[in-house]
Every structure is written in structure tokens, then in C-alpha cells.
Amino acid sequence: MNYEAQRLLHALEVFADSLRGGKPRRLAGMLLTKVGGPVAVARLFRPVSPNGEYAAQFRARHEAGMRAEVLRSVQRALETWDRPLSELDQADFDARFVALAHLPRFLDDHAGEPGSISDIGVLAKYCLALHDNMASAWLQRTFQGAPRTSD
């Protein structure tokens, strides 16, 4: 596993810990800042409306369930991380896809801090690149076997 993949794996572990209520921690090899904790988790579920009352009601009804779904996806992604994409079943693929979709937002607050762009910003970009590659691979696999229609 390359260095960026190892850091991404550690970021997913910190992400899962934060979704369970853990405190902010430093990522492996990144001494500048801590990531995670309740503030980072709250950033995942931004207000759904400019109306503060409606947004608060929605959050009260749905945030726990959304957080649980993301946590399940992150945990499953961690369990299957060492398997190549081609060996994942649809549920494992979906879990990894969801985890990689949410991780950059989790890291977002620190990506622009002075001195950290080479660390957390690069990690967030690496995560987005993996996410995009997964989408591309899925589309290729889906449409390769599809029958062609003639115009």
C-alpha cells in the first residue's frame, strides 16, 4: 500500500472514531493539526434550509440516522480496504463509495490552513480522485456488457 493510501486509511479510521463521538486526533504523518471530533461530524450534515427552525427540525429527525448510515459505510470500507475494487461486491463497493464521498467534507475545515495544504489538502484531493476512479470503473463495468442500440 502506498503512502497516500496508508494516510487515507488512517483518515477513515479517525472518521469512524469521530462518528462514534471520538475527539479530534492528528493523522499519521501530519503534525500540524488535529482533525475530527463533533465539529467535523456536524460539517457533514449541513443545514437543509435557510429557515433555521426547519433546518433544526430536520436535523433532529434525521441526523442520527444519517450519521449511522455513514458510519456503517465507513466501517465496511475499512473492513474491505485491502481488497481490490474488482473483488468488491455491490454492497462493499457502495460502502467504499459513500465513505470516500464523505471524507473530503470531514477534512474540509483544515484543507485550507496555512502549512497544511500539502498534507490534508492533498489527502482530500487523493480521496476525491479515488472516488472519481471508482465512479468511472463502475460506469465502464455497467455499460461494457450493455446491448448496443442502433439509431
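Excluding residue 133 itself, calculate the net charge of residues whose Cβ lies under 15 Å from the Cβ of residue 133, where each Lys or Arg counts +1 and each Asp or Glu counts -1. Summing Lys and Arg as +1 and Asp and Glu as -1 gives +1.
Taking a sphere under 14 Å around the Cβ of residue 59 and counting the other residues whose Cβ falls inside, with K and R at +1 and D and E at -1, yields a net charge of +2.
Could you tell me whether the chain comes out rounded, prolate or oblate from its Cα gyration tensor? Rule is a ≥ b ≥ c as square roots of the eigenvalues, rounded for a/c under 1.5, then prolate if a/b exceeds b/c, otherwise oblate. Oblate shape, in that a/c is at least 1.5 and b/c is the bigger or equal ratio.
In this label model, residue 2 and residue 26 are separated by 2.5 nm, measuring between points 7 Å along each Cα→Cβ vector. Scanning residues 5 or more positions from residue 35 or on other chains, those with amide H under 5 Å from its amide H are 25, 26, 27, with H placed 1.01 Å from N in the peptide plane. In order along the range 43-50, the Karplus-derived 3J(HN,Hα) couplings, from 6.51 cos²θ - 1.76 cosθ + 1.60 at θ = phi - 60°, round to 5, 5, 10, 6, x, 8, 8, x Hz, and Gly and Pro are given as x. Label positions at residue 68 and residue 141, each projected 7 Å from the Cα along the C-beta direction, are separated by 2.8 nm.
Comparing 102, 62, 131 in a Gaussian network model of the chain (Cα springs below 10 Å), the most mobile by mean-square fluctuation is 62. Entry note, the chain: relative contact order of 23 percent, from Cα contacts under 8 Å with a spacing of 6+ residues. Ordering 75, 16, 90 by the projection of their Cα atoms onto the charge dipole of the range 3-143, which places +1 on the Cβ of Lys and Arg and -1 on the Cβ of Asp and Glu, puts 16 at the extreme positive end. Computed from point charges on the beta carbon alone (+1 for Lys and Arg, -1 for Asp and Glu), the dipole magnitude for the chain about its Cα centre is near 360 Debye.
Throughout, read-outs are computed from the coordinates displayed, never taken from laboratory work. Everything quoted here is computed from the prediction, not taken from an experiment. Cβ sites come from the backbone with ideal geometry, for glycine too, and all protein chains shown count toward neighbours.
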